[in-house]
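One structure is given here, and the rest of the page talks about it.
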Amino acid sequence: MASQPETSPYLMIRNAIISQELPPRAQLVESALAKKYNVSRTPIREALRRLETEGLVERYGSRMQVREYRPEEMLDLYEVRTFLEEAAAKTAALRHTDMDLMLIDRAHQAMVTLDFDAATPAELAAANRTFHERIWAASHSAALLDLLDRILVHFIRYPGTTLSTKERWDRVLKEHEELLVAIRARNAEEAGRIASAHMDEAKNIRIQMYIDAQEISSPRLG
């Protein structure tokens with residue numbers, strides 16, 4: 001993604017959406033946003049158009065609003081991310097440097113030493129995200145980095161985390177260790193296989209989380 005000033009209207013609105021400062025269905029009025037970020041309406045309009053193409057903003061009649069979560073899109077997002085994570089792992093296995101390995105291992109060790117019981121869901125998710133991002137960087141593929149960064153935004157917006165149980169956390173640590181070993185050995189096929197299976201399990205957990213939430217929100221009759 002082309003570099004943007006940290007105070008650009010595009011990044012400020014994007015970050016507000018990701019952080020839920022602007023929640024799903026929040027109305028995006030150009031004049032109000034221009035006043036909030038102390039800019040003219042033109043850069044706000046351009047930012048909203050760009051965010052619309054990225055799937056973070058949508059038109060609702062004549063207005064613009066933050067795009068709602070669409071559970072039916074979840075499977076599609078996981079399929080795309082699984083493909084990209086597999087490609088990144090394979091490429092990282094072939095292109096990584098010693099520095100890359102050090103950074104991946106450091107991210108893994110940070111997860112290993114994290115106190116699961118004391119950590120918040122956000123802290124667990126952030127530590128896991130850092131590990132994956134280190135692998136993306138080790139691929140030295142600008143195209144993969146851009147695509148993964150774009151799709152990650154949608155995952156961050158989904159409520160909750162698939163890492164909410166100690167059993168799942170321990171399994172993730174084991175899978176990450178196996179992935180690191182494969183990348184270090186430059187075994188691209190094995191690295192890709194592990195990364196793909198890793199994302200498939202996350203997808204299945206996310207689906208179950210959605211089903212459980214639906215059952216809780218829909219009281220049974222009788």
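The values are calculated or read from the model by the stated rules, or taken from the named source; none is laboratory data. Bear in mind that the values here come from a model prediction, so they are computed numbers and not experimental data. Ideal geometry is used to build each Cβ from the backbone, glycine not excepted, and the neighbour counts take in all protein chains shown. Keep in mind that these areas ignore ligands, DNA and RNA; they rest on the heavy atoms of the full protein, side chains included. Shrake-Rupley method; radii C 1.70, N 1.55, O 1.52, S 1.80 Å.
List of remarks:
- Positive-end residue of M99, T113, H140, charge dipole of segment 77-159 with Cβ unit charges: H140
- Compared with the dominant principal axis of the Cα atoms in the chain, helix 121-138 is inclined by about 70°.
- Average accessible area per residue (Å²) across the chain - probe 1.4 Å, nucleic acids and ligands excluded: 55 Å²
- Accessible area of segment 70-165 belonging to carbon and sulfur atoms, whole % at 1.4 Å probe: 58 percent
- Gaussian network model of the chain, springs between alpha carbon atoms under 10 Å - residue of D146, D105, D115 with greatest fluctuation: D115
- Scattering curve values for the chain, log₁₀ I(q)/I(0), Debye with Cα scatterers, q = 0.08, 0.14, 0.16 Å⁻¹: -0.34, -0.97, -1.16
- The three principal axes of the C-alpha atoms in segment 49-104 carry coordinate ranges of 53, 22, 14 Å, sorted with the longest axis first.
- Karplus-based coupling profile of segment 44-53, in residue order and whole Hz: 5, 4, 5, 5, 5, 5, 5, 5, 5, 5, with θ = phi - 60° in 6.51 cos²θ - 1.76 cosθ + 1.60 and x standing for Gly or Pro.
- Distant-in-sequence amide contacts of Y60, defined by a placed amide H-H separation under 5 Å and a gap of 5 or more residues or a different chain, comprise Q65.
- Lysine pairs meeting the criterion (Cα under 20 Å, 8 or more apart or interchain), as found in the chain: 4
- Added length on full extension, which subtracts the Cα-Cα distance from 0.36 nm per residue, L94 to I18: 24.1 nm
- Legend: calculated FRET efficiency, R70 to T120, from the Cβ-Cβ distance at R0 = 30 Å, rounded to 0.05, equals 0.70.
- Across all Cα atoms of segment 71-148, the radius of gyration (one decimal) and Dmax (whole number) stand at 13.9, 41 Å.
- T53 paired with E175, simple spin-label distance in nm, labels 7 Å along Cα-to-beta-carbon: 3.3 nm
- Shape index of segment 38-170: Rg/Rh, with Rg the Cα radius of gyration and Rh the Kirkwood radius from the inverse mean 1/r over Cα pairs, equals 1.04.
- Angle between the chain longest axis and helix 98-113 axis [Cα atoms, degrees, rounded to 10]: 80 degrees
- Over the chain, DSSP H runs of length four or greater, each weighted -39,500 (n - 2.57), average out per residue to a 222 nm ellipticity of -23500 deg cm²/dmol.
- The smallest convex shape that holds all Cα atoms of segment 74-119, its convex hull, gives 88 Å³ per residue.
- The Cα atoms of segment 1-92 give a gyration tensor whose axes a ≥ b ≥ c have a/c of 1.5 or more with a/b no greater than b/c, which makes the shape oblate.
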